[in-house]
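Read through the structure below, which is laid out as structure tokens, and then see the notes.
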Ligand SMILES: O=c1ccn([C@@H]2O[C@H](COP(=O)(O)OP(=O)(O)O[C@H]3O[C@H](CO)[C@@H](O)[C@H](O)[C@H]3O)[C@@H](O)[C@H]2O)c(=O)[nH]1
Ligand SMILES: [Mn+2]
């Protein structure tokens, strides 16, 4: 049994062995399903769902086919890495508790990457004082948490998960125990303050004096109608330092301007606004976006992503690197399949052979240029030297920044500009992520799916049937909308995408079609039974073998 392995400098690609067996399995399955269709026809049995099933089965072939694995070699990375801007979004303090947002931010701020090269932007579409409070507390606690993680190499770096796990994970010895105890105490204090504010619904007067940002909530703020609220909570470029004197990364809280008469384009609008704010500070060549309900579980993930972008042979073609979304706290036996394991454990590895996976909305590192409208051309060869400019140069004018950031986050800013159409995340679709990924692929970029052994992100998925239905309705209608739009993979993609990729995109965007076979499978057996129609041939009939398979 051999595996095909190709190795370039910074990452290794390995294809699954026995690729022909996958094909053999697929064609056996397909021919048996087709013969079932024939049997249903000739025996006048209910068969209406079969054509859909066969169509979906054929379209699923590339993604369900043999997996291709890309493994990064971070030991070979250059020392001086390019900056990364990290965009985190939250939208509703009631559904996305401020303590969770703080925890996600802290896990990201503790990335093993070099704090002076990172800048964090928290977009709060809920314009909540409680979220602002939690983020401001997280900024202070980070001065202690980040050096602690770095010094003892602890994992995971989300404090909640870390302290909930085995006591004192990551080290031993008297010194470790002492520091661990101190940091835990500080963390619990922070948690208590967040919880207290949550229980009273407001922030204590004393705390409100610590940041000018709180003044924005002196009068009531309507999340759908307010000015931009923005505060730089940590200044990078060596200004703010942790307890050991090392530079802290930049951290900025932003709640963009909202007016009822202006469409805000949900998460896509939020990310585009953050994209512009981050361009005013470091304008990092790479942008990581993470939903606030997913914490970083692997402190190496960013270094892994860089292995792909900086690879001397293939890096320049890569538009984005997608990490899996893994979920904790699912229902027993994952009753509603909200873990979407099939996608992240099977299909995305299959898409690696066809220019890479869809953009899944979180745990994604984008090349800023490709996200912002650049088409891939074979002569595109970004130089590491150019990518390294930006942070650390100390030339950010922090006073001017707030004023400039307010301009680029105002409702009118995008008027007459290509944002949402040719630049940034695409507007007008409920699954802005898949849509945007498709556009990037049609512009010639490749993507890479990287599934590290230690899960890169761990998050929350819906746990009740109501939330699941809302999510699935949004996904299935949004995806179908793409199939029926100008960006139908068969029209926009022909000549630009690989055939396997067109099939993958069709498989996902036609996801709503699954309702046909599903409904039939749910209804037909009981209907057939009630009318005395046998659904299956007798055991003595040769056709029985096909059914038994
Ligand atoms: O007006 C909005 C609405 C949502 N969000 C944020 O967008 C993210 C995703 O929203 P969520 O309600 O959690 O949706 P999910 O169904 O969990 O999201 C999945 O599906 C989306 C596409 O539909 C992807 O963008 C997400 O990354 C993916 O996790 C969250 O961080 C929200 O805070 C905003 O910033 N502004
Ligand atoms: Mn979510």
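The values are calculated or read from the model by the stated rules, or taken from the named source; none is laboratory data. Everything numeric in this text was worked out from a predicted model, so none of it was measured. Note: ideal-geometry Cβ built from the backbone for every residue, glycine included; neighbour counts use all protein chains shown.
Against the test of being in contact with a strand residue (DSSP E or B) (Cβ under 6 Å, 6 or more places away or on another chain), within 16 Å of ligand 2 (Cβ to nearest atom) and either over 17 Å from residue 343 (Cβ atoms) or in contact (Cβ under 8 Å) with a residue 12 or more places away in the chain (or both), the options 461, 456 yield a single qualifying residue, 461. Residues in the range 71-102 that are away from ligand 2 (no atom under 14 Å from the Cβ), touching a helix residue (DSSP H, G or I) at 6+ places or on another chain (Cβ under 7 Å) and assigned to a strand (DSSP E or B): 72, 84, 85, 86, 87. Counting the residues of the range 331-375 that are assigned to a loop (DSSP other than H, G, I, E, B) and within 13 Å of ligand 1 (Cβ to nearest atom) gives 10.
Residue 525 falls short on exactly one of the conditions (1) more than 25 Å from the chain's Cα centre (by Cα); (2) at pLDDT 95 or above, and that condition is (2).
Applying a threshold of 7 Å to beta carbon distances and a minimum spacing of six or more residues, or different chains, the list of pairs starting in the range 266-280 at a residue that is within 16 Å of ligand 2 (Cβ to nearest atom) and ending at one that is modelled with pLDDT of 95 or more and in a helix (DSSP H, G or I) reads 267/432; 268/432. Which of the residues spanning the range 103-137 are more than 12 Å from ligand 1 (Cβ to nearest atom), part of a loop (DSSP other than H, G, I, E, B) and over 23 Å from residue 396 (Cα atoms)? Result: 112, single match.
Among the residues of the range 485-504, the ones that are surrounded by fewer than 19 Cβ atoms within 10 Å (Cβ to Cβ) and part of a helix (DSSP H, G or I) come to 2 in all. Can you confirm whether the range 292-315 contains a residue that is assigned to a strand (DSSP E or B), more than 16 Å from ligand 2 (Cβ to nearest atom), crowded, with 22+ Cβ neighbours inside 10 Å and in contact (Cβ under 8 Å) with a residue 12 or more places away in the chain? No, that holds for no residue. Taking the range 316-340 as the range and being more than 18 Å from residue 113 (Cβ to Cβ), more than 16 Å from ligand 2 (Cβ to nearest atom) and touching a helix residue (DSSP H, G or I) at 6+ places or on another chain (Cβ under 8 Å) as the test, the residues that pass are 318, 319.
Considering the range 442-463, and only residues there that are in a loop (DSSP other than H, G, I, E, B), more than 15 Å from ligand 1 (Cβ to nearest atom) and more than 17 Å from the chain's Cα centre (by Cα), the residue that is surrounded by the fewest Cβ atoms within 10 Å (Cβ to Cβ) turns out to be 453. In the range 332-354, the residues that are touching a residue at least 12 places away in the same chain (Cβ under 8 Å) reach residues that are surrounded by fewer than 17 Cβ atoms within 10 Å (Cβ to Cβ) and in a loop (DSSP other than H, G, I, E, B) with C-beta atoms within less than 6 angstrom, at least six apart or across chains, in these pairs: 354/498. Is there a residue being farther than 14 Å from residue 362 by Cβ, within 12 Å of ligand 1 (Cβ to nearest atom) and in contact with a helix residue (DSSP H, G or I) (Cβ under 6 Å, 6 or more places away or on another chain) anywhere in the range 269-292? No - not one qualifying residue is present in the range 269-292. Count of the range 353-363 residues, restricted to those that are surrounded by fewer than 24 Cβ atoms within 10 Å (Cβ to Cβ) and within 13 Å of residue 447 (Cα to Cα), is 4. Scanning the range 464-484 for residues that are away from ligand 1 (no atom under 12 Å from the Cβ) and either in a strand (DSSP E or B) or at pLDDT below 95 (or both) gives 464, 465, 466.
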